[in-house]
Amino acid sequence: MPRNSGQQTDVSMGYLILRVSIGLNIFTHGLSRILAGPANFAHILVPMFQHTFLPATSVYLFGLCLPWAEAAVGFFLLIGIYTRYVILVGALLMLSLTFGATLRQDWESAGLQLIYVAIYTALLAFRQYNQFSADGHLRRSETD
């Protein structure tokens, strides 16, 4: 735990960098899929899961929703609003993506998704350092 305000500011800036980096990454995932057309993304997913027990309709519907969920999670992380809940939603998205990757036996993707899970876990564990965010601003406004 930081002992002085300078050290605490450094940890808070580190938290900001991590939160904004994952937010930008996830937001861009979603936005690029939205701009390309969510239906295009959903159509790409369906054949990838043809040898699994998942019905094509559920894969397609998930593919339609995922870009919007990614864009929303990423945007909220970027600005740092509702951070705790957004981290949990992002982690649930990663859980669903990990389920799909392991179901397809795509171990490389599953391994990469563990990195995202580790980042979400760190963000949740160190959320007290989320000073440079909309949440932090709102907390300071309430105490003033």
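For region 68-81, indicate whether the set of residues that are more than 30 Å from Val46 (Cα to Cα), in contact with a helix residue (DSSP H, G or I) (Cβ under 7 Å, 6 or more places away or on another chain) and of a type in the set (Asp, Glu) is non-empty. No: zero hits. Looking across region 113-141 at every residue that is surrounded by fewer than 17 Cβ atoms within 10 Å (Cβ to Cβ) and among the hydroxyl-bearing types (Ser, Thr, Tyr), the one that is modelled with the lowest pLDDT is identified as Ser141.
Looking only at helices (runs of 4 or more DSSP H) that fall completely inside region 1-112, which ones have 3 or more residues that are within 20 Å of Leu123 (Cβ to Cβ) and modelled with pLDDT of 95 or more?
Details: elements: 5-36, 38-48, 56-79, 83-103.
Helices (runs of 4 or more DSSP H) meeting the threshold: 5-36, 56-79, 83-103.
The values are calculated or read from the model by the stated rules, or taken from the named source; none is laboratory data. Everything numeric in this text was worked out from a predicted model, so none of it was measured. For neighbour counting, all protein chains shown are included, and Cβ atoms are generated from backbone atoms with ideal geometry for every residue, glycine included.
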